[in-house]
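Undergrad: So that we are looking at the same thing, I have put the structure below in structure tokens.
The values are calculated or read from the model by the stated rules, or taken from the named source; none is laboratory data. Remember, predicted model here, so these are calculated numbers, not experimental data. Every residue, glycine among them, receives a Cβ derived from its backbone with ideal geometry; neighbour counts consider all protein chains shown. Please note that ligands, DNA and RNA were not included when accessible areas were found on the heavy atoms of the full protein model with its side chains. Shrake-Rupley method; radii C 1.70, N 1.55, O 1.52, S 1.80 Å.
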Amino acid sequence: MNSFGRLFKLTIFGESHGESVGINIDGCPAGLPLTVDDFLPDIERRKGGTQKGATPRQETDLPIFKSGIFNDTTTGAPITILFENNNTRSTDYAKQRSHPRPGHADFVASKKFGGNEDYRGGGHFSGRLTVAMVAAGVIAKKLLQGIEVKATITEIGGDTDTERGLQKAIEAKDSVGGIVECRVTGLPIGLGEHFFDSVESLLAHAVFAIPAVRGVEFGTGFAAAKMLGKEHNDPIENMEGKTTTNHAGGVVGGYTNGNELVYRIAIKPTSSTPQDQFTLNWETQQMETFAVRGRHDLCIALRVPVVLEAVTAFVLADLMLLEQRIPRVLSTK
């Protein structure tokens, strides 16, 4: 449903054009210093605004702390953070209500919830909610002392020259997808649990909560299917588990092996393309030419790296707490 994690447990809420979106985090240790300023760098990275290829919708996105923080320090109680929605244009969506947008959740959401869903801006299905995920990631990163989580865009529109790939989409007046890679250093050996809670299973589960994700691969990924066994295996060099290659991406048997964790996600082209589309009008039950109106990202992958870092960080923080590698009280007064 809307919650994830066991000890570091998140519950996300809100809609794109509702009063606010937010996150509740249960299980964060007490004693972690936390101020609004801690959130600003990652929140800024997620924004669209003036970034080439991103949506012109801009929100201030200052976090509003509602619980769990006292005297700029976590108390050990559940943390609730809100982000207000102030820059909305809901009329854009009322005008196109007759056409469930191709690639969006409009049609399935209406069927599942009997037409009661908030359809404005995608409602609860919107990428707007990733700002709350980023907030959880800020806290998780602070808990992961000595562990670095970094994500970057490696391709846009199939081109490793990301600027060129983006420019092709601009010239075509259409949206485009991309590949985002995440690397994590400083992890201990043995994070993860057998079978259904392997590191890959948990990360993949959380990653697919990011709107527009269409695939995930670890290490060599799908290219491993074309390799021979001896070629793909990573020879172990020492008792710290260091390997000469890293085709496994830092995970063996579902557990971290002490090497760099490396994985990538595929982001689809933004469904709200400027191009005319031929799709269903569910009032007439006929297919018609239709164009999506509103403010949308040309390449949603541009805003994903910080979200992928956040997802990775809160999955790893939960595993670190399960392993008791993070104390439940970080400082005493």
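Undergrad: Nearest 20 debye, what's the magnitude of the dipole of the chain about its Cα centre given +1 on Lys and Arg Cβ and -1 on Asp and Glu Cβ?
TA: Values: 35 positive and 39 negative charges, 95 e Å.
Taking the Cα centre of the chain as origin, the dipole is about 460 debye.
Undergrad: Near the amide H of GLU193, under 5 Å away, which other amide H atoms are found, from residues 5 or more places off or on another chain, if H is placed in the peptide plane?
TA: SER198, VAL199
Undergrad: Just the Cα atoms of region 238-333, one point each, no solvent: what log10 I(q)/I(0) does Debye give at q = 0.23 Å⁻¹?
TA: Debye curve over Cα of region 238-333, log10 I(q)/I(0) at q = 0.23 Å⁻¹: -1.23.
Undergrad: Now for a different question. List every residue whose amide H lies under 5 Å from the amide H of GLY215, counting only residues 5 or more places away in sequence or on a different chain, with H placed 1.01 Å from N in the peptide plane.
TA: Those qualifying (amide H under 5 Å, at least 5 residues apart or on another chain) are ALA266.
Undergrad: Same structure again: Farthest toward the dipole's positive end in region 135-178, which of LEU166, ALA140, GLY177, given Cβ charges of +1 (Lys, Arg) and -1 (Asp, Glu) about the Cα centre?
TA: Toward the positive end, the furthest listed residue is ALA140.
Undergrad: Shifting gears a bit: What's the carbon and sulfur percent of the chain's accessible surface, probe 1.4 angstrom, rounded to a whole number? Don't skip to the end; give the middle numbers.
TA: Details: 8700 of 16250 Å².
Roughly 54 percent of what the probe reaches on the chain is carbon or sulfur.
Undergrad: Can you return the lysines within cross-link range of LYS9? Criterion is Cα-Cα under 29 Å, with same-chain partners fewer than 8 residues away left out.
TA: LYS47, LYS66, LYS112, LYS141, LYS142, LYS150, LYS268, LYS333
Undergrad: I'm a student and want to see the number: the projected area of the Cα convex hull of region 180-228, averaged over all directions, in nm².
TA: Values: hull surface 19.2 nm².
Averaged projected area of region 180-228's Cα convex hull equals 4.8 nm².
Undergrad: I'd like the Karplus ³J(HN,Hα) series for region 96-105: coefficients 6.51, -1.76, 1.60, θ = phi - 60°, whole numbers in Hz, and an x wherever there's a Gly or Pro.
TA: With the stated coefficients, region 96-105 comes to 10, 4, 5, 10, x, 5, x, x, 9, 8 Hz.
Undergrad: If you don't mind, there's one more thing I want to ask. Starting at the first residue of region 298-306, write each ³J(HN,Hα) from the Karplus equation 6.51 cos²θ - 1.76 cosθ + 1.60 with θ = phi - 60°, in whole Hz, x for Gly and Pro.
TA: So the Karplus estimates, Gly and Pro as x, are 6, 9, 5, 4, 4, 9, 7, x, 5 Hz.
Undergrad: To the nearest 20 debye, what charge dipole does region 152-228 have about its Cα centre, counting +1 at the Cβ of each Lys and Arg and -1 at the Cβ of each Asp and Glu?
TA: Values: 6 positive and 11 negative charges, 21 e Å.
Charge dipole of region 152-228: 100 debye, to the nearest 20.
Undergrad: Continuing with this model, one more query. Go through LEU319, VAL262, THR35 and say which Cα lies farthest out towards the positive end of the charge dipole of the chain; charges sit on Cβ, +1 for Lys and Arg, -1 for Asp and Glu.
TA: Value computed over the given set: THR35.
Undergrad: Loop only per DSSP, at most 10 neighbouring Cβ atoms within 10 Å: give me the trypsin sites (Lys or Arg not before Pro) in region 109-198, ordered by residue number.
TA: Values: sites: LYS111, LYS112, ARG120, ARG128, LYS141, LYS142, LYS150, ARG164, LYS168, LYS173, ARG183; in loops: LYS173.
Sparse-neighbourhood loop trypsin sites (Lys or Arg not before Pro): LYS173.
Undergrad: Could you tell me how many degrees, from 0 to 90 and to the nearest 10, lie between the Cα long axis of helix 36-46 and the main elongation axis, the longest principal axis, of the Cα atoms of the chain?
TA: The answer is roughly 60 degrees.
Undergrad: Would you mind pulling out the separation of the Cα centroids of region 230-248 and region 136-160, in Å?
TA: 24 Å
Undergrad: Leaving out ligands and nucleic acids, and using a 1.4 Å probe, what accessible area per residue does the chain come to in Å²?
TA: Working: 16250 Å² over 333 residues.
Per residue, the chain has an accessible area of 49 Å².
Undergrad: Can you give me the long-range amide H partners of THR154? Hydrogens built in the peptide plane at 1.01 Å from N, cutoff under 5 Å, separation of 5 or more residues or another chain.
TA: ILE179, VAL180, GLU181
Undergrad: Here is a further query. Provide the per-residue ³J(HN,Hα) series for region 168-180, in order, calculated from phi with Karplus coefficients 6.51, -1.76, 1.60 and θ = phi - 60°, each as a whole number of Hz, with x at glycine and proline positions.
TA: Taking θ as phi minus 60°, the curve returns 4, 5, 4, 5, 7, 6, 9, 8, 8, x, x, 10, 10 Hz for region 168-180.
Undergrad: For the chain, modelled as a GNM with alpha-carbon contacts under 10 angstrom, which of ALA223, ALA212, ALA310 fluctuates the most?
TA: Evaluated over the chain, the most mobile residue of the options is ALA223.
Undergrad: Let me ask you something else. For the chain, find the longest principal axis of its Cα atoms and tell me its angle to the long axis of helix 130-143, 0 to 90°, nearest 10.
TA: 10 degrees
Undergrad: On average, how much area does the Cα convex hull of region 162-248 cover when viewed from any direction, in nm²?
TA: Details: hull surface 33.8 nm².
Averaging across all directions leaves 8.5 nm² for the Cα convex hull.
Undergrad: Distances over 32 Å make up what percent of all Cα-Cα pairs in the chain?
TA: Working: 18827 of 55278 pairs.
So the pairs more than 32 Å apart make up 34 percent of the total in the chain.
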